[in-house]
Structures are given as C-alpha cells and as structure tokens.
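Report on the structure given below.
The values are calculated or read from the model by the stated rules, or taken from the named source; none is laboratory data. Just so we're clear, the structure is a prediction, and the values are computed from it rather than from any experiment. Neighbour counts run over all protein chains shown; Cβ positions are idealised from the backbone, glycine included. The accessibility values were calculated without ligands, DNA or RNA, using every heavy atom of the protein model including side chains. Shrake-Rupley method; radii C 1.70, N 1.55, O 1.52, S 1.80 Å.
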Amino acid sequence: MGTMVTPRARFLPLEVPTQVCRAVGARTSFTVVEEATPRLNRCELYVPGTQEKIIPKAAKSKADVVVMDLEDSVASTQKETARKNVIKALKEVDFGSKTVAVRINGLYSHHMYRDVVDIIEQGGERCDVFIIPMVGNAKDVYMADALTSQVESFVGRKKRIGFGLIIEATMGMMNVDEIAAASKRNESLHFGVADYAASTKSRTTNIGGPNPNYGVLTDKVRDEPRDFFWGDPWHYAMSRIVVAARANGLRPIDGPFGDIADPDGYRAQCQRGSVLGMDGKWAIHPSQVAIANEVFSPSPQEVDRARRILEAMAKAEREGLGAVSLDGKLIDIASIKQARSEERRVGKECRSRW
Ligand code: GLV
Ligand code: MG
C-alpha cells in the first residue's frame with residue numbers, strides 16, 4: 001500500500017520516458033514496461049504432434065491456447081512424422097480464435113532448426129507462438145530469434161511469431177532476467193516443473209505436485225500435539241518467474257500437473273499460481289481445461305470489488321483524499337492499479353467465453 005497521496009500526484013511527471021523497455025504499460029519507474037502482445041492465456045492444452053486425430057479435438061476445446069508438441073511427448077524416431085502432422089494441422093484444422101502454438105525442440109537438439117524452418121516455410125501463417133524449451137540464457141533466445149527472423153523474411157511472412165520460453169533448468173532459472181528481456185518476440189515465461197525438478201535433483205512424487213516430506217513440524221510446546229504443515233516446494237521458482245516476466249511485460253504461465261486423476265490437486269495448483277500472479281497453467285489432459293479457465297478468470301465477486309474500488313477512489317479524489325476505507329479495509333492509489341488490472345483481465349473476449 002502507498003502512503004497518503006493528494007490528487008496532485010496524478011500530475012507528477014508524465015513526460016516521454018528516456019528509456020522505454022516495450023510499449024506503454026504499467027508505469028513503475030521512469031522506465032516504462034511495455035506489455036507483450038495481449039492474449040488470453042488461462043489454459044494451454046498440450047497435444048503430442050504424433051496424435052494427429054486429437055489435434056482437431058483440441059482445436060474445439062475451450063482452451064485459450066493449443067500447443068502442438070514436437071519436443072518431449074514425441075519419441076526421437078517420431079520427430080519427422082510429428083512435424084509433418086503439425087504442418088498439416090496448421091494448414092487444415094480450424095482453430096477459430098485460439099492462440100496456436102508449436103513447442104519446437106530445444107537448442108540442444110538438431111531437430112530444432114528443422115522445426116523452425118519447416119513450420120514457417122510450410123505451415124502458413126496460422127502458428128502464433130513458438131514455445132521454446134530448455135532456454136538457458138539470452139544467447140539461446142537470440143539464436144532462435146535470428147533463425148526465426150531469417151525464415152520469416154525468406155517466405156515473406158506477414159505475422160511475426162511470438163516466443164513462449166520454458167524455464168526448466170537451473171541455468172535458465174539463474175538467467176531468467178536476461179532471458180525475459182532478450183527479444184521483442186518474447187510473450188510469456190513458463191515454469192517447466194518436471195525438467196526443473198530433474199535439473200535441481202529435487203525429489204518428487206508427482207509432476208508439479210507437493211511432496212509429503214516437504215513441510216514444517218511445529219515446535220514442541222509443553223505436551224501439546226505438534227502439527228505438520230506441507231509446504232510448496234515450487235514457491236521460489238514460480239515467484240522468480242512471475243517477477244522476471246512481469247518486469248518485462250510478459251505473461252507468467254505455470255507448467256504441468258501430472259496426476260490427471262486428481263482434479264482437486266490440479267485446482268489447488270491453479271489457485272496458488274493465480275494468487276502469485278500467474279496468468280494461466282498448462283493442461284496435459286482435456287479434463288483440466290475447465291478448471292484452469294475457471295480459476296484464472298476473475299470471479300464475479302472480484303469484478304464487483306474492482307468496480308467498487310474504482311468508484312470509491314474516484315469519489316476520494318473529488319474530495320482531495322488519496323486513501324479511504326472500503327468494507328473496513330484501507331484502499332489507496334495502488335488499489336486502483338490492482339482494480340484496473342482486474343478490469344483488463346475481464347475484457348470482452350474473456351467474458352464471452354466464461
Ligand atoms: C515441461 O516441459 C516440464 O518439463 O515440466
Ligand atoms: Mg520439459
């Protein structure tokens with residue numbers, strides 16, 4: 001919460017900033033953070049590129065983003081078949097207004113350049129985003145950007161492909177800030193929890209889930225019974241990604257949850273990501289889509305509160321006050337920013353899809 005602010009604060013410097021990261025977005029310093037291409041990104045449904053019959057079904061799902069995968073869900077012997085299927089789908093399947101993404105292979109593999117070249121040369125204009133796995137540093141993004149730019153330029157592509165970057169190894173996490181700022185194509189950072197666990201050598205029981213051994217035991221107090229509270233082993237990684245993404249105008253997106261028979265567990269993971277500031281989560285099964293859509297959409301109560309905050313602050317400003325109380329709680333200029341971001345999340349398109 002900010003301190004008491006007089007209406008004068010509204011007229012504090014609004015000159016053109018000397019340094020603009022991306023186009024106009026939230027003003028948090030003299031540097032303006034430009035927001036990446038806006039997209040609904042509550043749920044990203046992954047489909048292995050080998051599953052050609054499932055792709056049209058995913059296109060009809062309620063997921064905001066469909067990701068056709070060429071990386072880890074595709075065996076090395078099937079890479080070419082998967083790539084051909086994906087190119088065919090890009091040309092023939094009706095994805096409606098969805099964002100269409102392809103997870104290409106990582107820079108560690110020779111499949112990567114062929115994915116980029118063939119998808120752009122043969123797949124037409126429908127691919128909106130490349131999801132790039134195992135990004136380790138800014139140079140990886142630079143290389144992907146250069147290659148993508150060359151092929152786009154060669155075919156005269158009208159629409160520029162955006163990048164969703166998966167942070168899923170310790171090197172990527174260490175360099176997450178430079179990665180987030182590495183290209184104008186960047187749109188989102190994703191937490192690839194499965195590979196991240198492998199990279200940190202964490203002990204896991206289910207991809208993206210908690211572990212019964214990670215928690216705290218309350219102190220001994222006389223003879224009272226002690227409680228054990230589970231902790232979230234992924235909290236640091238997720239928060240780190242949220243900060244790097246938001247500071248660069250990108251969407252932070254949570255990765256997979258492996259237990260598809262546990263919708264309550266998936267919902268809980270969506271909720272904690274949403275509370276931390278993430279825009280959405282991956283779905284690795286169609287049954288997860290509705291849950292992510294629901295959790296990452298503002299509830300009617302949140303929308304109502306955002307509207308009432310804006311009304312209360314408009315009245316406060318007319319009265320020369322910078323902070324007032326709403327429902328017994330302090331609200332101030334920072335609350336306006338939160339309410340406005342809630343308003344943006346609602347957006348027309350979002351409402352029509354609930
Ligand atoms: C996703 O790629 C993951 O490793 O979780
Ligand atoms: Mg991975």
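Of note:
- About the centre of its Cα atoms, the chain shows a dipole size close to 820 debye [charges on the beta carbon of Lys, Arg (+1) and Asp, Glu (-1) only; nearest 20 debye].
- 3J(HN,Hα) from dihedral phi, the range 130-144, Karplus parametrisation 6.51/-1.76/1.60, rounded to Hz, x for glycine, proline: 9, 8, 10, x, 6, 6, x, 6, 5, 5, 4, 5, 4, 5, 5
- Selection among 249, 225, 269 by position relative to the dipole of the chain gives 249 as farthest towards the positive end (Cβ unit charges, Cα centre).
- The chain, Cα convex hull volume normalised per residue, Å³: 174
- Across all directions, the average flat footprint of the convex hull enclosing the Cα atoms of the range 229-285 is 4.1 nm².
- Mean silhouette area of the range 142-284, derived from the convex hull of its C-alpha atoms and averaged over all directions, reads 11.0 nm².
- For the residue pairs 57/79; 158/281; 57/184; 91/159; 98/281, the alpha carbons lie more than 23 Å apart in 158/281; 57/184.
- Sequentially through the range 244-259, phi angles give Karplus couplings (6.51, -1.76, 1.60; θ = phi - 60°) of 4, 5, 5, 5, 10, x, 9, 8, x, 10, 7, x, x, 10, x, 8 Hz, Gly and Pro residues having no value and appearing as x.
- Ordering of 85-92, 127-134, 232-239, 107-114 by packing [mean C-beta count within 10 Å, highest first]: 127-134, 85-92, 232-239, 107-114
- Farthest towards the positive end of the charge dipole of the chain, among the residues 316, 297, 61, is the Cα of 316, using unit charges on the Cβ of Lys, Arg, Asp and Glu.
- Adding -39500 (n - 2.57) for every DSSP H run of four residues or longer, then dividing by how many residues the chain holds, sets the calculated 222 nm ellipticity at -12000 deg cm²/dmol.
- Per residue, the solvent-accessible area of the chain (1.4 Å probe, heavy atoms of protein chains only, all protein chains present) comes to 53 Å².
- Among 116-125, 274-283, 185-194, 71-80, the peptide with the highest mean count of other Cβ atoms within 10 Å heads the list, and the full ranking is 185-194, 274-283, 116-125, 71-80.
- Of the solvent-accessible surface of the chain, computed with a 1.4 Å probe over protein heavy atoms with every protein chain present, carbon and sulfur atoms account for 55 percent.
- Here the relative contact order of the range 125-187, from alpha carbon pairs under 8 Å that lie six or more residues apart, stands at 50 percent.
- Distant-in-sequence amide H partners of residue 280 (H built 1.01 Å from N, under 5 Å): 254
- Sorted from longest to shortest, the spans of the Cα atoms of the range 48-95 along the three principal axes equal 31, 19, 14 Å.
- The amide H of residue 135, built 1.01 Å from its N in the peptide plane, has 166, 168 as neighbours under 5 Å, considering only residues 5 or more places off or on other chains.
- Applying the Karplus relation 6.51 cos²θ - 1.76 cosθ + 1.60 with θ = phi - 60° to the range 220-232 yields 3J(HN,Hα) values of 6, 10, 6, 9, 5, x, 9, 10, 10, 10, 5, x, 10 Hz, where x marks Gly and Pro.
- Protection proxy ranking, highest mean first, for peptides 295-306, 135-146, 163-174: 163-174, 135-146, 295-306, where packing is the per-residue count of other beta-carbon atoms within 10 Å, averaged.
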